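Here the structure is laid out as C-alpha cells; the discussion comes afterwards.
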Amino acid sequence: MPKGFSRLQLRPRVCGFAFMHICRRSPDSLRVHAHVSPDFCLTLSTQELHTVCGEDSWSYSLFLTLLLPISQLQEQLPIMEIQVWRHVPGKTLFFLLNLFSAMALIYEDYNQGVFGTVSGTPGFIRTMGIGADGVVTDPTKQGGLAASYYFGAIWGCLLGGWVADRLGRRKGVAMGAVLSLLGAALMAGSVNSDMMIIARIIAGLGIGFVNSIIPSWVSKLATAHNRGSTFSLVFVANFLGIVIAYWLNFGIRHTADEFRWRFPFAFMCIPMLLVLVSTPLLPESPRWLIANGRRTEAIDILTKLRGDISPEDPSIVAEIEQLDAIVADFGHPRNKYINIFLGGRHSGNLHLGRRAMMGAALQTIQQWTGILAIATWATQLFSLAGFDEYKSGWLAGLINTFGIFGTAAASLVIDRLGRRKSLLVSFVTQGVSLFLVAAFIKTSQDRIVSDPEMATALGTAAAAFAFVFLWFFTMFNIVPCWIYGSEIWPQDVRAKGYSMTVLGWAIGCGVTGFIIPIMLDSLGYGTFLFFGAMNIVSAPVIWLFFPEVANKSLEEINLLFTSDSILVSKNMECYHARLAAAGGSAALAVKTLLEEANGIDHGQADSEKGSSLNMKEEHVSATEKV
C-alpha cells in the first residue's frame, strides 16, 4: 500500500475515475499506473491494486478482464517487434502501407457486397428461415441479419482506438483481424439465423477495430499535400471488394445451394488473413513510439517515409517537435474519450464535441444517400427495372466495377476541388439521378403489359442513371466524407476523434442496411425517390455547417471551428479575425487559442491539485499494513 494513504481515501478516487495502464513488466510482477487526477498518479503492484480497490470494484475487474490479458498478449507476440520496414525504400514502404489499407477495406466492402448477393439465394433463405422456395418473405429479418454486422462495428470502433493507444496500432489491427477472421469463418459455417447474427457481430467488432485504426494511422504517416490522393487510391479497394463479391457470386450461380452461399463467406477470410500476416512487417505509429519511450525508432520511421532523408532535416525536426507536443498534451482532460463523446466541455473554443458530431453526421449522411441500395442491393434494383436474374446479376457486377474507376478518378479532383465543393456536386447530381431512376422504373412497370419494348427501353434508362449516380458518388462523395472526418481533428486527438467518424459510419450503415430490404419490398421504386430527396436535403447542410479544410495546415484547420455558432459564415469570420489579430500567423493564432482553452481548465486543475495535496498532508503519517 502506498505510504500515507488509506483505503478509505483512495478507493472512491481510484475506483471512480482512474485511468489505468500496465507500466512495467517483470517475470514475477506487474506494475499499474492509476491516474487519480490529471496531476496525481499512483504506481501500484497488482496486490496493492486489489487492496485499494477491492474485488468488487470495476477498476480491479477491468484489470483482470482486459488490462492483464492484453499485457499477456503483448508478451506473447514477439513477432510484432520484427522491423522489416527498415530494409524497404521509403517510397516503396509508403506504397505497401496503402496496399495494406486497401486489403482491410476489401474485407469490409466485400462483406457489404456478399451479403446483398447471397441473402437472396435459395440455400441461404432456407437455412436462415427468411422465406421459402427461394423467395424472401421476411425482409425485416433479412435486414436484421445485415444490420447485426454494424452493431458489432459500433462497439469495435469505440474499443479499437482505446486498445491501439495502449498496445500500439499494429497490435490493435492484429486483434481486429483475428476477430474478423473468426466472424467470417462462423458465417460460412452458420446453421441458423442465431449463429449468423453472432458471427456477424464478431466480424463487425473486428472491422470496427480495423476501420478506426488504419485510416488515421496511414493518414498520419502521409504528408499533408497528398492526404486526399492517398485516401482516394486506398478507397479504390472499397469498390474492389464489392466487385469481387458480385462477380464471385455470379460465377458460382449454378453450383449447389449450400456452396453458393457458404463459399463466398469463407472467401472473406483471404483479405483479412493477408492483413494479419503483413501487420507485423509495417512501421508503428511514430506518436505511439514517442509516447512509449522509443523516440529513435519514431525518427527512423519518419525519415524513411519522407524519402530516406536525414534525421537532421528541418522538416523531420519540426515533425518530431510537433509529436513531442502532442504526447505532452495527451493526458489533458479535453483529449479524453468521454469529453469528446459528451460534447467537449473542456475544449473551449476548440469545440471538439462539435467536431465529433460533424464527423459522425457526415458519415451518417453518406449512408442515407442510398449508396447501399445501389451497391449492396444492386441485383434487386435491376430486377425492379425489369431485367431477368441473369442480366440483373451481371449488371450488378458491372455497376460496381464502374465504381472502381470513379474512385480512382477522385484522386484527380479531391485536392484541387476541395472537400466542400466535391460534396455539394455529389449530393445534387446524386439526388437528380435517383429521381430519374425512380421515374424510369415506375414508367417501365406501367408499360410492361401494354408496350413491352418501351418498358425494356425505360428499364435500360433506369439502369443507366444508376450508373450515373454511382459515378458521382465514387468521384465526389466517398473520399471527401471519410477524409473530412480525419482532417478536422488536432493531431493530439485525431485517432480518438476519428473513431467518432467510424461510429457514424456504423450507425448509418446499420440503420439503412436494416430498412433497405423492407423499403424495396414495400415501396419498390419509391425507395429511390426517398433517397433522392435525402441527397437534395444534404446539400444545404454541407453549405451551412461544414467549412472547407482542403489544402489547409493543421493550425489553420483548428481555427475553422472557433465560433460559438455552428454556421460556416460565423466560423469564417472568427477564422479571419484570429489570423488578423496574430499578424497572419496561424501558428501564433493557434497558440493563443490553446491558451484560451487551457485557461478554462486552470481552475479545475488547481482544485484537483489542492485536493490531492490536502489528502497527502492529512494522511502523510498514516500507514496501513497490507
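Nothing in this text is a laboratory measurement; each read-out follows from the coordinates by a stated rule. Only a predicted model underlies this, so the values are computations on that prediction, with no experimental measurement involved. Glycine also receives a Cβ, built like all others from the backbone with ideal geometry; neighbour counts cover every protein chain displayed.
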- How far is the Cα center of the stretch 137-211 from the Cα center of the stretch 474-501, in Å? 21
- Work out Dmax and Rg for the stretch 516-581 from the C-alpha atoms and quote the Rg first, both in angstrom. 18.5, 59
- Could you list which residues have their amide H under 5 Å from that of residue 131, counting only those 5 or more apart in sequence or on another chain, with H placed in the peptide plane? 137
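Tell me the relative contact order for the stretch 285-328 as a rounded percent, counting alpha carbon contacts under 8 Å between residues six or more apart.
42
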- Query: DSSP loop GluC sites (Glu not before Pro) in the stretch 294-399 with at most 11 other Cβ atoms within 10 Å of their Cβ, which ones?
  - Reply: 312
- Two pseudo-spin positions, 7 Å from Cα along C-beta at residue 537 and at residue 556, lie apart in nanometres by 3.4
- Task: Give the residue from 286, 316, 299 lying farthest towards the positive end of the charge dipole for the stretch 285-328; charges sit on Cβ (+1 for Lys and Arg, -1 for Asp and Glu) and the dipole is referred to the Cα centre.
- Result: 286
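Can you tell me the length gained on complete extension of the stretch residue 595 to residue 315, counting 0.36 nm per residue apart and subtracting the Cα distance?
98.3 nm
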- For the stretch 370-438, the dipole about the Cα centre with charges only on Cβ (Lys and Arg +1, Asp and Glu -1), to the nearest 20 debye, works out at 400
